[in-house]
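Accompanying notes for the structure given below.
Derivation of every value follows stated rules applied to the coordinates shown; laboratory data play no part. As the structure is a prediction and not an experimental result, all values here were calculated from the model. Neighbour counts run over all protein chains shown; Cβ positions are idealised from the backbone, glycine included.
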2 protein chains.
Amino acid sequence: MQVESPSSGNPFHAGCPTREILDRIGDRWTVLVVSSLEAGPMRFSELSRHIEGISQKMLTQTLRGLERDGLATRTVHAAVPPRVDYELTQLGRTLTGLLAALDGWARTHMADVQASRARYDEVQAAVRRSG
Amino acid sequence: MQVESPSSGNPFHAGCPTREILDRIGDRWTVLVVSSLEAGPMRFSELSRHIEGISQKMLTQTLRGLERDGLATRTVHAAVPPRVDYELTQLGRTLTGLLAALDGWARTHMADVQASRARYDEVQAAVRRSG
């Protein structure tokens with residue numbers, strides 16, 4: 001149970017900004033980028049290789065969102081060519097355990113969820129055939 | 001660190017079903033529906049009132065998704081009018097602590113995230129003006 005203070009939100013209330021914050025932190029790409037940055041700063045190209053199949057556009061959007069929300073910083077190093085590093089902020093670090101737990105849940109229960117989906121789809125198909 | 005077994009997934013791999021599972025469990029409506037059902041079974045209309053501003057269509061879709069993934073059950077009771085209850089499965093119950101932690105994070109850090117967004121948007125606006 002969460003104790004509500006005047007400065008805290010409640011996502012059960014329509015229009016509460018916590019709903020948008022849930023969208024950000026629950027997003028699959030956020031989970032993967034934040035987990036990647038847990039070990040230390042990374043460049044765009046490193047992140048792009050580490051998270052297979054993420055498009056440049058989606059990675060850019062995710063990083064910009066994390067930066068805007070104060071969860072990661074973007075640092076441009078004077079070099080030729082310029083090197084750009086992304087790093088979790090202190091606030092971003094408070095998320096890592098939580099997102100690792102989400103990731104762990106998805107890995108652990110993948111087979112259960114897939115089996116359930118197959119059963120559900122079979123039943124739906126049978127209902128449609130008999131209807 | 002998660003140890004990989006042949007039956008577990010890895011959301012860093014493109015096409016791994018864990019990515020879809022992350023989408024489901026990180027979805028804001030899933031977080032709110034699963035948290036609501038933690039205390040026990042609820043009817044559609046109760047859920048609809050409890051989660052302010054959720055559309056009937058979105059609630060229906062969320063519940064169907066949870067049912068398909070084996071996280072909740074839908075039970076129709078013979079009554080006039082028929083009563084339909086939604087309840088977490090054992091698998092769904094393994095998610096409640098995790099999603100409550102996401103919810104708690106969003107509530108606790110709402111003000112920090114909002115302040116960061118305001119600063120970011122101000123800087124971006126200044127950059128655009130000076131450009």
Picking from A:75, A:108, A:89, which is most flexible by a Gaussian network model of chain A using Cα springs under 10 Å?
A:108
Hey, what do the phi angles of the stretch B:117-131 turn into as Karplus ³J(HN,Hα) couplings, whole Hz, using 6.51/-1.76/1.60 and θ = phi - 60°, x for Gly and Pro?
4, 4, 4, 4, 5, 5, 4, 4, 5, 5, 4, 5, 5, 6, x
Return the single residue from A:85, A:103, A:23 with maximal mean-square fluctuation; model: Gaussian network over chain A, springs between Cα atoms under 10 Å.
A:23
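Please report the net charge: other residues with Cβ closer than 13 Å to the Cβ of residue A:88, K and R +1, D and E -1.
Values: positive: A:74, A:93; negative: A:38, A:67, A:69, A:85, A:87.
For residues surrounding residue A:88, the net value is -3.
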Net charge of neighbours whose Cβ lies under 11 Å from the Cβ of residue A:28, counting Lys and Arg as +1 and Asp and Glu as -1:
-3
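How large is the convex hull of the C-alpha atoms of the protein assembly as shown per residue, in Å³? Let's see the in-between values first.
Working: hull volume 43.6 nm³, N = 262.
About 167 Å³ per residue, rounded to a whole number.
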Most mobile listed residue (A:110, A:42, A:58) in chain A, GNM with C-alpha springs under 10 Å
A:110
Scalar couplings 3J(HN,Hα) for the stretch B:22-28 by Karplus 6.51 cos²θ - 1.76 cosθ + 1.60 (θ = phi - 60°), nearest whole Hz, x for Gly and Pro, are 4, 4, 5, 6, x, 5, 4
Given a Förster radius of 35 Å and the C-beta distance between residue B:44 and residue A:80 as r, what FRET efficiency does 1/(1 + (r/R0)^6) yield to the nearest 0.05?
0.05
Name the chain A residue with the Cβ nearest the axis that maps A onto B: which is it, and what is the distance in angstrom?
A:26, 1
In Hz, Karplus ³J(HN,Hα) per residue of the stretch A:103-116 (6.51, -1.76, 1.60; θ = phi - 60°; x = Gly, Pro)
4, x, 4, 4, 5, 5, 9, 3, 5, 4, 5, 5, 5, 5
Using alpha carbons only, how many degrees (0 to 90, rounded to 10) separate the axis of helix A:56-68 from the longest principal axis of chain A?
70 degrees
Amide H neighbours of residue B:9 under 5 Å, counting only residues 5+ apart in sequence or on other chains, H built in-plane at 1.01 Å?
A:110
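Lys and Arg at +1, Asp and Glu at -1: add these up for the other residues within a Cβ distance under 15 Å of residue A:39 and post the number.
Numbers: positive: A:43, A:49, A:93; negative: A:38, A:46, A:85, A:87, A:103.
Residues close to residue A:39 contribute a combined charge of -2.
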Compute, for the stretch A:36-108, the length of the dipole vector about the Cα centre, with Cβ point charges of +1 (Lys, Arg) and -1 (Asp, Glu) only. Units Debye, rounded to 20.
180 debye
Which distances, shortest first and in nm, link residue B:125 to the matching position in the other copies, using label points set 7 Å out along Cα to C-beta?
5.5
Work out the FRET efficiency for residue A:10 and residue B:10 from their Cβ-Cβ distance, taking R0 = 41 Å, and round it to the nearest 0.05.
0.75
Distance between the stretch B:20-72 and the stretch A:20-75 - C-alpha centres, whole angstrom:
27 Å
How high is the relative contact order of the stretch A:52-120, in percent, counting Cα pairs under 8 Å that sit 6 or more residues apart?
19 percent
Which residues qualify? For residue B:72, with a placed amide H closer than 5 Å and at least 5 residues away or on another chain, they are B:67, B:89
Amide H contacts under 5 Å for residue A:83, placed H, 5+ residues apart
A:77
Normalised radius of gyration for chain A, please: alpha carbon Rg relative to 2.2 N^0.38 Å, two decimal places.
1.38
Taking the label point 7 Å from Cα in the Cβ direction, how far apart in nm is residue A:108 from each other copy of itself, listed shortest first?
2.0
At 7 angstrom along the Cα-to-beta-carbon line, where would the label on residue A:90 sit relative to the other copies? Give the distances in nm, shortest first.
4.4
